[in-house]
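One structure is given below, encoded as structure tokens.
The values are calculated or read from the model by the stated rules, or taken from the named source; none is laboratory data. The structure displayed is predicted, hence computed values, not measured ones. So basically every Cβ, Gly included, is an ideal-geometry build from the backbone, and we count neighbours across all protein chains shown.
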Amino acid sequence: MKKIALALFALVTLQLQAQTLTPEEQSAQIAALTQQVNELQAQTNKWEQVVAALPKISGYVQGQYANAEDLSTFRMRRVRVSLSGQITPKIDYKIQPELLSFKLLDAYFDYKPFEQFKVKVGQFKVPFTIENPDYSPLRMMMIDYPMVIQRLVGTSEKIGSTTLKTSDRGTGFNLHGALCKGRIAYDFALLNGTDLNIVDNNKSKDVVGRLTLQLVEGWLLSGSYYWGEYGEEYYTRKRWSVGSAYDKGAFVVRGEYVGGKSGLEYGEIDSHGWYALAGVRFCKNWAVAARCENFQEKATEFYEKFDQTNYTLGVSWKPLKYLRLQANYTYEDQTVGHRNLAIVQVTTSF
């Protein structure tokens, strides 16, 4: 760009000095400088194309302090780096590892021949519920996901004798797209159904479907269904959800109901729960939110019933573009008692 600017400056200077040159000399020098400018512009365009083709590097680090009657601890929550970009205008890709306890979270290609029909292949967020695929940790107004998302979609899902740590992601393919000018969106995924970076442990494949309707800009309704079988014992894994969200400008209102049946060695767990969240953003870099949620499990006679309701208040402050501070207070009302939990989280991103 500097060379182009100098060439243009020379061209302007030449025009100012035109009275000292013959018309033939003026034309020759102007033609030479114009050719130089065009050549430099072509080189710049090629360089910009090379830069655009390089992966975009981003990431974030989250650290927490948590305090309760039985807890007082600092911990690192997430350390993630993401590489993303375009192979062609119709093929995107993303690679995202978790560095804290190293594991590959995302690694996929997304082929987009049409807005109405796209194909994502690899390892990616399971298109189930609104909260799981649409709200990353950087977008959430609360520090943690609701209990029902964690227990039936996310980081503590029980199947048989196994607790899956990262069932919010799956390996396979996802057909997705938007119809009617984006007012109707759909997902249909076929997945292994195992934990991350593990080959399938049976011949069954898990099926996920989600349909989202955008009623007006910022307001949507969504329903999703998950069917699968886990492990060599082919344990039952069924999930269903329905919810609505309004997220536009200063206001956020979101709620979902999620139910499921999970196989065990002796029978199955019947689980269900819901959450409702309301929040407001103000003064450009402040936000406050409140969330009420409940999660219940009913199992066989060998397992105790679980019932917990949480009430959470949260505030976040973003003093800098790449820095966010959050504080949450949660009152946990459990079957066997209650607990007060306070968490402070710092997020730095790049």
Identify, by number, the condition in (1) under 20 Å from the mean Cα position of the chain (by Cα); (2) crowded, with 19+ Cβ neighbours inside 10 Å; (3) aromatic (Phe, Trp, Tyr) that Trp274 doesn't meet.
(1)
Just to be sure I understand, how many residues within the stretch 117-161 are surrounded by 15 or more Cβ atoms within 10 Å (Cβ to Cβ) and among the polar types (S, T, N, Q)?
5
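The rows are residues; the columns are (1) farther than 27 Å from Gly255 by Cα; (2) at pLDDT 95 or above.
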site: Phe117; (1), (2): yes, yes
site: Pro137; (1), (2): no, no
site: Leu152; (1), (2): no, no
site: Leu179; (1), (2): no, yes
site: Asp187; (1), (2): no, yes
site: Leu191; (1), (2): no, yes
site: Leu196; (1), (2): yes, no
site: Asp200; (1), (2): yes, no
Residue by residue through the stretch 115-137, note down the ones that are more than 15 Å from Gly154 (Cβ to Cβ) and touching a helix residue (DSSP H, G or I) at 6+ places or on another chain (Cβ under 7 Å).
none
If we keep only residues of the stretch 255-268 that are buried (at least 21 other Cβ atoms within 10 Å of the Cβ) and in contact with an Asp or Glu (Cβ under 7 Å, 6 or more places away or on another chain), then the residue farthest from Ile184 (Cα to Cα) is Ser262
Restricting the stretch 221-267 to residues that are in a loop (DSSP other than H, G, I, E, B) and either in contact with a helix residue (DSSP H, G or I) (Cβ under 7 Å, 6 or more places away or on another chain) or aromatic (Phe, Trp, Tyr) (or both), which is modelled with the highest pLDDT?
Tyr234
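Can you say whether Ser101 is surrounded by fewer than 19 Cβ atoms within 10 Å (Cβ to Cβ) and either over 15 Å from the mean Cα position of the chain (by Cα) or not small (Gly, Ala, Ser) (or both), as far as the supplied structure shows? Spell out how you get there, then give the answer.
Working: surrounded by fewer than 19 Cβ atoms within 10 Å (Cβ to Cβ): yes; either over 15 Å from the mean Cα position of the chain (by Cα) or not small (Gly, Ala, Ser) (or both): yes.
In short, yes.
One line per residue, one yes/no per condition, for (1) at positive phi; (2) in contact with a Lys or Arg (Cβ under 7 Å, 6 or more places away or on another chain):
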residue	(1), (2)
Leu221	no, no
Glu229	no, yes
Glu233	no, no
Trp240	no, no
Ser244	no, no
Gly249	yes, no
Glu268	no, yes
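Output the residue which, of all residues in the stretch 225-254 that are under 30 Å from Asn285 (Cβ atoms) and β-branched (Val, Ile, Thr), is surrounded by the most Cβ atoms within 10 Å (Cβ to Cβ).
Here is the first cut: in the stretch 225-254, the residues under 30 Å from Asn285 (Cβ atoms) are 243-254.
Next, from what is left, pick out any that are β-branched (Val, Ile, Thr): 252-253.
Numbers: Val252: 19, Val253: 14.
Checked the stretch 225-254; the qualifying residue surrounded by the most Cβ atoms within 10 Å (Cβ to Cβ) is Val252.
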